Every structure is written in C-alpha cells, then in structure tokens.
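Here is the structure we will look at, set down as structure tokens.
Just so it is clear, none of the values below were taken in a lab; they were calculated from the coordinates. Note that the coordinates shown come from a computational prediction; the quantities given were computed from them, not determined experimentally.
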Amino acid sequence: MAKQIKIFDTTLRDGEQSPGCSMNLNEKIQMAKQIEKMKVDVIEAGFAIASKGDFESVSEIARNIKEARVASLSRALKKDIDCAWDAVKHARLPRIHTFIATSDIHMKYKLKMKPEDVMAQAVEMVKYAKAYCEDIEFSAEDATRSDKEFLYRIITKVIDAGATVVNIPDTVGYTTPEEYFNLITGIRENVPNIHKADISVHCHNDLGMAVANTLAAARAGATQLECTINGIGERAGNAALEEVAMALNTRKDIYGAVCNIDTTQIMRSSSLLTSITGVKVQPNKAIVGANAFAHESGIHQHGMLQEQSTYEIMTPESIGLNKNKMVLGKHSGRHAFEDKLRDMGYELTKEELEKAFEKFKTLADKKKTIFDKDIEAIIAEDFATEVS
Ligand code: KIV
Ligand code: ZN
C-alpha cells in the first residue's frame with residue numbers, strides 16, 4: 001500500500017516573508033480557507049510574536065479553520081511560545097512550531113551560543129511548549145549545514161522531550177537531492193526514537209532544487225513536506241506545493257506515496273494568491289504557469305488531437321483547469337487550426353479551410369500569438385457558415 005505523506009503549507013508564514021507578498025488579515029483568512037479546501041494537513045498561519053497583525057491573523061485563522069491543523073511559528077524562547085499558544089489555542093487542531101539553529105555558522109555568529117547550550121535550550125523549550133499543546137514541531141534551523149552527529153543527538157533529545165514532528169530545514173537552499181536523501185536516511189538510521197515522530201522537510205530554492213530536494217527526502221522516508229503555493233518564500237522561495245503534489249501523484253511509481261491534496265483546487269489557489277499579492281507567476285512555471293498546458297508546435301498539437309497523452313503527462317482538469325490551451329502561432333499545423341475553428345463554431349469546406357489556413361499562416365509569420373479575434377477576422381473576410 002502507498003504510504004501517506006502529510007503536506008504542511010507555509011504560504012502564510014514563510015511565503016508571506018517573500019518581498020511583495022504580505023497580506024492583510026482578511027486576505028490571509030481568505031487564503032487560509034482556500035488552502036483548507038485543497039486539503040492540506042497543516043496550515044502554518046504565521047509567526048505570532050512577529051507583530052500585532054501576525055498575532056491577530058494566527059488567532060483568526062485558528063478560529064476559522066476546522067479541518068486542517070493550524071500552527072504558529074516561535075523561536076525556542078518562552079515569550080515566543082506563550083504568544084504562539086495564545087494565538088493557536090483557538091484551533092480545533094493546534095500546533096506549536098518552535099525552532100533554533102543547529103549549524104556551527106548560525107550558533108557561533110547568530111546565536112552566539114555553544115552547541116551544548118543550544119541543545120539544552122531546545123529540549124527545555126520543547127518541554128515548555130508541550131505543557132500547552134500535544135502537537136509540537138521542532139525545527140533544527142540550517143540543518144543541512146549542521147554537524148550530523150550533533151543533529152542526531154538534538155533530534156533524539158527533543159523527541160524524548162515531546163516533539164511530535166522534527167523538521168530538517170534546508171534553510172539556505174544549499175543541499176542537493178543526493179545529499180538530502182542521505183541526510184534523511186542517516187537520521188532514520190541513527191536516531192533511535194525517530195519512529196515516535198514525523199520527519200518533516202522544508203526546502204528553499206536558492207539553487208533551484210527545492211522541489212527536487214523535497215521529493216528526494218520523501219523517497220528517503222520523510223513523512224511531512226513543507227511547501228508554499230506558487231513556491232513563494234524567502235529569497236528564491238520555498239518548494240512549490242503544486243509541483244510537489246503533482247509529482248507525487250504523477251510518479252507514484254517512483255515515490256510510492258500519496259498525499260491528501262485535492263489537486264483540482266491547485267489552479268484556484270494559485271490564482272487567488274496572485275490576485276491577492278499582485279505577484280505574478282512566470283508563464284513557463286511548472287503546473288500553474290500560463291504555458292504549462294499550452295501547446296504551440298504543430299507536431300505537438302497534431303499529436304494532442306489524436307491522443308492527449310502524447311504530449312501531456314497530466315491533464316489540465318487534474319489541477320482545476322478546464323482544457324489544455326492550444327496556442328495558435330506560426331508553428332501550428334492544419335489540424336490544430338481546423339480544431340480551433342470547430343471549437344469557435346465555424347464549419348468550412350475543404351477549399352475554404354485551405355484558403356483560411358494560408359491567410360492564418362501569413363498572419364502568424366507577422367504576429368507572435370494568434371487570438372480568437374484574429375481568426376474571426378480571417379473568417380469574416382470570406383465565407384463561413386456558422387454551426388448553430
Ligand atoms: O527555512 C527555515 O529554516 C525556516 C524555519 C523557521 C523552519 O523557515
Ligand atoms: Zn524557511
């Protein structure tokens with residue numbers, strides 16, 4: 001049986017940290033409800049102590065969301081944990097997500113703490129949070145640049161202290177699929193109590209490998225994947241939820257895992273985020289880009305008209321789009337043109353079709369994309385009997 005993987009959405013926390021992506025309270029609630037419709041397992045609603053606005057959003061999302069678990073981020077500090085709990089306590093399924101850095105670079109320069117003190121603080125704060133809430137996620141920030149033995153020890157101890165999820169973030173997008181696979185495998189083999197917690201992964205996209213790294217970790221046994229809609233997030237962003245979910249679904253043969261995501265809500269979620277933030281998705285972005293299901297080449301269009309699977313590994317309907325988009329341009333062939341005419345309601349004789357196709361080709365040489373109104377103009381110039 002395929003193993004179940006949980007999806008943790010951090011669009012409203014790590015995603016919102018992306019330049020230009022901040023949202024007000026109402027927008028966050030609207031977004032959270034749409035994310036819930038997508039059937040994610042966990043919604044990270046914000047970082048409660050970061051601001052008054054963040055606190056309010058986490059509380060309101062906690063009150064409004066009923067199916068998904070709701071988490072608030074907190075540093076491994078008492079005041080952060082108090083505040084996170086105050087905000088998420090209204091949730092039907094609350095989680096406190098606490099973190100501290102574990103890499104030598106972060107411990108030395110950012111925290112200015114000794115590794116053993118970091119370890120003690122992590123354990124103490126997980127215990128402190130556990131007094132409030134059953135579900136505690138612990139993140140070892142900058143895990144991929146941390147000493148492995150230290151990582152194994154701190155994970156073992158926080159699980160003993162009550163952590164139900166241990167997150168292994170690639171905070172600076174530094175790792176590679178092979179290395180991350182080995183890191184997760186190493187944790188499974190060297191942390192004796194690891195079976196008591198979910199292993200979560202959280203990847204940034206600085207080297208363009210966030211999704212590949214996330215999927216490599218899933219293959220190595222990670223049971224929770226952290227992502228954001230449209231891949232928004234700090235710097236180059238986070239692993240894109242839609243890409244992770246569609247890869248798991250499309251390549252079950254490789255990942256042997258399923259997630260709960262209702263993929264037909266993907267397009268709606270992506271568009272809502274774009275309209276709220278005004279941050280556009282690049283046209284060639286996998287899954288949700290404007291061209292992701294568009295076919296321009298004549299050979300491709302012909303193949304698609306015979307059998308969709310010739311050039312489509314997933315259907316547009318599976319992400320909530322109505323139809324693949326045949327974009328007519330200079331590479332389009334007669335079959336695609338004829339199909340387009342039929343779709344638009346025109347029925348031409350063979351001769352009329354030939355003549356119209358010639359005109360279309362001449363126009364396509366001058367113009368990048370041919371729109372419906374261009375075709376209407378070609379047809380209007382001559383013949384055509386409209387199909388009723
Ligand atoms: O990237 C990161 O390390 C984070 C943690 C706070 C989970 O966002
Ligand atoms: Zn992050």
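What's the angle, to the nearest 10 degrees (0 to 90), between helix 115-130's Cα axis and the longest principal axis of the chain?
Rounded to the nearest ten degrees, it is 80.
Helix-derived [θ] at 222 nm for the chain: sum -39500 (n - 2.57) over DSSP H runs of at least 4, divide by residue count, nearest 500?
Calculated mean residue ellipticity at 222 nm is -13000 deg cm²/dmol.
Can you give me the Rg/Rh ratio for the stretch 201-325, using Cα atoms for both radii and the Kirkwood formula for Rh?
We get a ratio of 0.98 for the stretch 201-325.
Out of every Cα pair in the stretch 148-199, what percent are spaced more than 17 Å from each other?
Roughly 32 percent, once rounded to a whole number.
Quick check: the distance between the Cα centres of the stretch 280-352 and the stretch 44-98, to the nearest angstrom?
Between the Cα centre of the stretch 280-352 and that of the stretch 44-98, the gap is 44 Å.
If N is the number of residues in the chain, what value comes out of its Cα radius of gyration divided by 2.2 N^0.38 Å?
1.18
Rounded to two decimals, what is Rg over Rh for the stretch 297-383 when you use alpha-carbon atoms and the Kirkwood radius?
Result for the stretch 297-383 is an Rg/Rh of 0.98.
Taking a 27 Å limit on the Cα-Cα distance, which of the listed pairs LYS6/LYS79; LYS33/LYS368; LYS89/LYS148; LYS196/LYS285; LYS33/LYS373; LYS89/LYS127 fall beyond it?
Long pairs (Cα-Cα over 27 Å): LYS6/LYS79; LYS33/LYS368; LYS89/LYS148; LYS196/LYS285; LYS33/LYS373.
Which value, to two decimals, describes the C-alpha radius of gyration of the stretch 1-131 once divided by 2.2 N^0.38 Å?
1.11
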